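I have placed the structure first, in the form of C-alpha cells, so that the comments after it can refer back to it.
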Amino acid sequence: MSNTTNRLIPAEEALNIVLAGIRPPGIEHVPLGDAHERILGSDLASLRTQPPFDASAMDGYAVRQEDIQSLPASLKLIGQSRAGEPFDGSVGKGEAVRIFTGAVVPEGADSIVIQENTTADSELTTVNSGVEAGKFIRKAGLDFKQGEVLLQEGNALTSSRLALAASMNHATLPVFRKPVVALISTGDELVMPGQTTGEGQIIASNTFGLAASITKCGGQLIDMGIVVDEREALSGAFEDAINRNCDVIVTTGGASVGDHDLVLPVAEALGFEFEITKIAMRPGKPFLFGKLQRDGKTIYMTGLAGNPVSSLVGFNVFVKPLVQLLGGQKPETVTMQSAILGRDLPENDERAEYMRATLERGENGERIATPFSSQDSSMLANLVRADCLLYRPVKAPAARKGEACKIVFIE
C-alpha cells in the first residue's frame, strides 16, 4: 500500500488521481439501430453525396429559364420525373417536364415552376408566373459531400445524429465499448426490499440507486447482489466480477477501517494497489480507489461508504466521471454555481462538506440556498427533498445568512 492511502486526500486531488491516465477499453461496431446514445469511437466521413443529384424541392414543372421570359408561356409536356423514376431525356426549347418533390431535375432544365403557378392539360402547361433561375432546385451536395467528416469521435449518437449517419450510408457505427461495471453490496445487515427484516437488519437501498446511476452514465451493469461480511465470500465476489471481464468494480459498504470492514484487505490480497482510502469530504470520507493488473488489463475498483447519502454523493463526484471517461464520454465533473446563503453556518472543519439544501428565488431572482439542520449521512429522504448541495471548503470560516456561497446539483 502506498503512503498516499495514509492521509486524508482533498476531494479535488482525489478526482485527479481517479481520472489520471484513463482510456476507453476499446471500440466495437454496432448496427445503426442499436447505436442510440452510444458514444462514437472515431470520426465519421460520409460515404455518399447528399443529395446525389440536382433534385426538385417542390411539385411543379422543370423548365428552361429562357422559355419563361415572356408570360404567359405555353410549353410542351414531354414526360415526368418522379422520386426514384427520373425522366430519361433532356428538356429542349419550348418544353417542360412534370416533376415531383425529390425527383431528379432533368438535363437542360434550370428552374422549377410550382404547379400553383401553371395551368396544364395532357399536352401543354402554361406558366402564368415566372421564377428566378435555380429556384426550388436542391443542388447535388447541398447537404454534404462524399468524404466530408460530419460526426466526430466522442459525439453521443442522438436521434438526429443517427439519422445523419444513416443518410451518410453507414449501416454500422464504431462506438466505444460500454465499460462493464460490477456492483457489489456488502453487509450482513442488508436484505432486499420486500423481504422481512430481522433484528438489526435494514433494507438494501444503495444497490438500486447506484445501479440506476451506473446505467445512466453509460456503464454496462453487472449486479453481484449482496455479499456478507466474510473474507471468503467477498473474495469470491471480486474474483467472479473479474472473471466476467469487468472494467470497474464498485462496492458499497465495508470501505472504512472497522473490524468488519473487509473490502480493503480482501481487495489488497487479490492484488489491487490502492491510491486512495479516505477523502477530506463530508459525506463520503470512506472512499477507496485502487487498480489491478490482470492479463494485460487494468481493472479499477472504487469503494463507497455504506451510508446511502455518502454512497450517492461519492458516486456522483468520483465514480460517474470515471465510468464516463472509460466509455469515451467527456466526464461530467461536479460544477460549482453561485447562490446566497439562507441561514447562518458555523466554521467548517478539515473536511470539505456537501450539505443538502433547498433552493428558492429571492426578490431579485437570486438563488437562496438553505441547508437542512440535520446532515446525517444516513438520511436519504433529505437528499430527495434537497434541490442542491451547498459546498463548504475545508476550514471555511463561519458564514452569515445573505453571504455568497457555492452550490452543486447532483442526480
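The table below lists the values:
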| quantity | calculated |
| --- | --- |
| Residue-averaged 222 nm ellipticity for the chain, from DSSP H runs of 4+ at -39500 (n - 2.57), nearest 500 | -4500 deg cm²/dmol |
| Overall Cα dimensions of the range 309-389 - principal axes, largest extent first, Å | 42, 31, 26 |
| Nearby aspartates and glutamates by direct alpha-carbon distance to Lys395 (threshold 19 angstrom, same-chain neighbours under 8 apart not counted) | Glu12, Glu13, Asp344, Glu347, Asp349, Glu350, Glu353, Glu403 |
| Among 267-273, 317-323, the order from most to least packed when residues are scored by Cβ within 10 Å on average | 317-323, 267-273 |
| Alpha-carbon gyration tensor eigenvalues x 5, square-rooted, for the range 240-335, Å | 20, 19, 10 |
| Residues Asp88 and Val149, FRET efficiency given R0 of 35 Å [Cβ-Cβ distance, rounded to 0.05] | 0.50 |
| Ratio of Rg to Rh over the range 195-269 (Cα coordinates, Kirkwood Rh, two decimals) | 0.97 |
| Ratio of the Cα radius of gyration of the range 269-325 to 2.2 N^0.38 Å, where N counts its residues | 1.18 |
| Glu199-Phe372 FRET efficiency (beta carbon distance; Förster radius 45 Å; 0.05 resolution) | 0.90 |
| Extended-chain gain in nm, criterion 0.36 nm per residue less alpha-carbon gap, Lys401 and Thr158 | 83.1 nm |
| Total charge dipole magnitude, the range 128-208, about the Cα centre, Cβ charges on Lys, Arg, Asp, Glu only, Debye to nearest 20 | 740 |
| Separation of the Glu273 and Ser42 label points, Cα + 7 Å toward Cβ, nm | 3.2 |
| As computed over the range 141-204, the Cα convex hull volume per residue (Å³) | 139 |
| Cα-based convex hull, the range 26-74, per residue volume (Å³, whole number) | 158 |
| Globularity ratio of the range 175-236, using Cα Rg and 2.2 N^0.38 Å | 1.29 |
| For the range 1-155, Kirkwood radius (reciprocal of mean inverse C-alpha pair distance, Å) | 19.8 |
| Largest-first principal axis extents, alpha carbons of the range 84-167, Å | 55, 24, 24 |
| Per residue convex hull volume, Cα atoms of the chain, in Å³ | 218 |
| The range 353-401: radius of gyration and largest Cα-Cα distance (Dmax), Å | 11.7, 35 |
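Read-outs: derived from the displayed coordinates by stated rules, not from any lab. These numbers come from a predicted model, not from an experiment. Glycine gets a Cβ as well: all are built from the backbone with ideal geometry, and neighbour counts include every protein chain shown.
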